[in-house]
Amino acid sequence: MRRSLLPQIGAAAAALPPKNPGRMHTHADMDEQALRSALECSGQRFTEQRAAVFRFLVGTDSHPSADEVFLAVRRELPGISLATVYKSLETLVGCKLAVKLTYSDGSARYDGRTDPHHHARCLKCGKVVDIPGHLADGEFEYLRDHANGFIVIGYRLELYGYCPDCAREGVPAA
Ligand code: ZN
Ligand code: MN
C-alpha cells in the first residue's frame, strides 16, 4: 500500500530543531519517579498501565502500532484493554514522553524516542527505522520563514524506499 510521501505532522515535539544535536538520549534510563513527575506536570496521574506502556515504548526501536503495543504489554498486564493502551499512548504523547507518527492512510505508529532524528519507511512492509540526523543550523528557520504564512510548529523528514528484506525480493521500477 502506498502512502503519501509527506505524512501529516504528528506531535510537534517530534520535530522541533535540535537544541543539543550531539546528544542522543531516550527515556530508557528514566525511572518511575521521573515518569511520575513528567505525567503530573501535565496534570496526568501515574498508573501502572501508563508505566508499562511507557517502558515497552522506550525499550523498542520498532515504532509499534497501538495494536503491537497492546500485544506486548498484555504479556505483563494480562487484564489491560486495547482502549487503555490507546489512551495511555495518547497521554504519553500529550506529555511529550512519546511521539506519534501519523500516516495519510489513517495508521499511526509510536516512538519512545523524543530526541531529534529522522525515519526511513519501507513502502512494501511498512517498517519504520531510525535515521540519525537533524537539519543544518538555520535550515529549519529558513523553511519556517518561507512557509507562505504558515504557522510552523515543527517538521518531519522521512526517507522512503525499500528495506533490505523487501529489496531482496526486488523493487518496482522507479
Ligand atoms: Zn520492507
Ligand atoms: Mn524513531
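Overview of values
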quantity	calculated
19 Å reach of a label modelled at Lys96, 7 Å along Cα-to-Cβ, counting backbone N of segment 55-77	58
Net charge, Asp130 excluded, C-beta distance under 14 Å - Lys, Arg +1, Asp, Glu -1	+1
Listed residues Leu157, Pro132, Ala167: farthest to the positive end of the dipole of segment 127-169 (Cβ charges)	Ala167
Loop-located GluC sites (Glu not before Pro) in segment 73-174 whose Cβ has at most 14 other Cβ within 10 Å (DSSP)	Glu169
Unit charges on C-beta of K, R, D, E only; dipole of segment 12-168, Debye	300 debye
Relative contact order for segment 12-168, counting Cα pairs under 8 Å that sit 6 or more residues apart, in percent	29 percent
Neighbour-limited loop hits for chymotrypsin sites (Phe, Trp or Tyr not before Pro), segment 61-162 (at most 14 other Cβ within 10 Å; DSSP other than H, G, I, E, B)	Phe150
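Values quoted throughout were computed directly from the atomic coordinates according to the rules given, and no laboratory measurement underlies them. Small disclaimer: the values here were computed from a predicted structure and weren't measured. Neighbour counts run over all protein chains shown; Cβ positions are idealised from the backbone, glycine included.
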